[in-house]
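Enquirer: My questions will all concern the structure given below.
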Amino acid sequence: MKTDSHHEPARREAEEVISEHEGRLLRYAMRILGDSDLAQDAVETVFIGMLKRRKSCAALSRDDLSAEL
């Protein structure tokens, strides 16, 4: 798959943020929703929303992003 090297750092950072927070968010969503499929859908929705807003999130530090999640 051909990737645009200009987007590679942003993609890598997004992957790091997801990797860092996915497990905790899944556990939290599971406690609230009580269903693993719904929890997975909810967490995916959160990350998709974050990625769509990435330009507005770009000015935030990793700590700020952690707080947002």
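The values are calculated or read from the model by the stated rules, or taken from the named source; none is laboratory data. Source: prediction; values computed, not measured. Reconstructed Cβ throughout: ideal geometry from the backbone, glycine too, with neighbour counts over all protein chains shown. Accessible surface is based on the protein model in full, side chains and every heavy atom, while ligands, DNA and RNA are left aside. Shrake-Rupley method; radii C 1.70, N 1.55, O 1.52, S 1.80 Å.
Enquirer: Give the number of residues within segment 35-50 that are under 14 Å from E13 (Cα atoms) and either at pLDDT 95 or above or in contact with a helix residue (DSSP H, G or I) (Cβ under 6 Å, 6 or more places away or on another chain) (or both).
Expert: 1
Enquirer: Among the residues of segment 36-48, count how many are loosely packed, with under 11 Cβ neighbours inside 10 Å and more than 8 Å from the chain's Cα centre (by Cα). First the steps, then the outcome.
Expert: First, the residues of segment 36-48 that are loosely packed, with under 11 Cβ neighbours inside 10 Å: 37, 48.
Subset that is more than 8 Å from the chain's Cα centre (by Cα): 37.
Counting residues in segment 36-48 that are loosely packed, with under 11 Cβ neighbours inside 10 Å and more than 8 Å from the chain's Cα centre (by Cα) gives 1.
Enquirer: Turning to a different aspect of this structure: How about segment 7-35: which of its residues are part of a loop (DSSP other than H, G, I, E, B) and exposed (fewer than 11 other Cβ atoms within 10 Å of the Cβ)? So that I can check it myself, show each step before the final result.
Expert: Initial filter on segment 7-35 (part of a loop (DSSP other than H, G, I, E, B)): 7, 34-35.
H7, G34 - these are the residues of segment 7-35 that are part of a loop (DSSP other than H, G, I, E, B) and exposed (fewer than 11 other Cβ atoms within 10 Å of the Cβ).
Enquirer: Give all pairs with beta carbons closer than 6 Å in which a residue from segment 11-26 that is under 17 Å from D41 (Cα atoms) meets a residue that is open to solvent by less than 90 Å² (accessible area, probe 1.4 Å); count only pairs at least 6 apart in sequence or on separate chains.
Expert: Final answer for the pair search is I18/F47; H21/L69; L25/V43; L26/A39; L26/V43.
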